[in-house]
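Values in this text are rule-based calculations from the coordinates and carry no lab data. Just so it is clear, the structure is predicted and the values come from calculations on it, not from any experiment. Here the Cβ positions follow ideal geometry from the backbone for every residue, glycine too, while neighbour counts run over all protein chains shown.
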Ligand code: NCD
């Protein structure tokens, strides 16, 4: 039985197979409409979510399966003091597969170690968010035709943004990737990630001004400042509007530079950018459903 905690849990070859499957699902959805008949997905969300939870639920419904779960810790037995390891033992009796989001780093891993069904990490604190990374990679592969040899700018909250940590890990396995990290001093990538990039001789630079690097990017991954992970509101207020991608900045970008964002957006991309054909963050949401369908099939051994 396999779980997904980190995008590195799958080899590059396994990811290729997963993306091929997602691409086939996109082309022939009817072929997959009954693959999960009789199967249940449990979504155990101890932290708010719109996209990720509903994307998982849509993925399972598209496969002909059904869904159970809870969407905030207050309505689950966690509010009575139940441990994650007990909850997953219970959920294992009800469902065939579980997607779990938790504010504590490592909680889905604890669940996986006590589970008799596959567990998918749907985001654990400021740590990892592997299915967002699968979504990001499928989007890039589908729209750029490759996952190697490009310069990617990652902008915003690189310290607390779990989607950033997962994406950097995953992309560091492909050749010819050049990272440009764009953040205020206080929100730079964590030290462990910088050391990992050094150890693997990967090309990266860290800058503060988006305008200075815009023209050399093939991809720009914007992120929101993660309010819920700040220790004080003042720092959040000071940093929240540090970057606002608008038409003027888009004018500096390459004609084929794609703009990605895991969403939710707050202020960091002005709505006037939405009409630009290079803005693909809403297409990304659709790719998220295909890749989660492919993931459910793979972990249930139904692919
Ligand atoms: C991300 C998350 O939850 O980390 N959202 C998502 O799953 N699409 C990004 C964010 O909340 O900023």
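Overview of values
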read-out: Per-residue Cβ neighbour rank within 10 angstrom, fewest leading, 165, 129; value: 165, 129
read-out: Residues in segment 218-242 that a label on residue 256 would reach, taking backbone N under 13 Å of a point 7 Å out along Cα→Cβ; value: 218-219
read-out: Pairwise FRET efficiency - residue 185 versus residue 34, Cβ, R0 = 41 Å, nearest 0.05; value: 0.20
read-out: Amide N proximity, segment 10-33 versus residue 303 label position 7 Å along Cα-to-Cβ, cut-off under 15 Å; value: 10-26
read-out: Beta bridges by DSSP in the chain, antiparallel share as percent, to the nearest 5; value: 5 percent
read-out: Inter-centroid distance (Cα atoms) of segment 93-163 relative to segment 225-243, Å; value: 23 Å
read-out: Range of Cα positions in the chain per principal axis (Å), largest first; value: 54, 45, 40
read-out: Length released on extending from residue 208 to residue 66, taking residue separation times 0.36 nm less the Cα-Cα span; value: 46.5 nm
read-out: Segments 198-208, 238-248 sorted - mean Cβ within 10 Å per residue, highest first; value: 238-248, 198-208
read-out: Relative contact order %, the chain, counting alpha carbon pairs below 8 Å whose residues are six or more apart; value: 20 percent
read-out: Helix 51-62 vs. the chain, principal-axis angle (Cα, 0 to 90°, nearest 10); value: 50 degrees
read-out: Relative contact order of segment 131-284, defined on C-alpha pairs under 8 angstrom at six or more residues apart (%); value: 24 percent
read-out: CD proxy at 222 nm, helix term only [per DSSP H run n ≥ 4: -39500 (n - 2.57); per residue of the chain; nearest 500]; value: -11000 deg cm²/dmol
read-out: Sorted peptide list for 4-12, 59-67, criterion being average Cβ within 10 angstrom, highest first; value: 59-67, 4-12
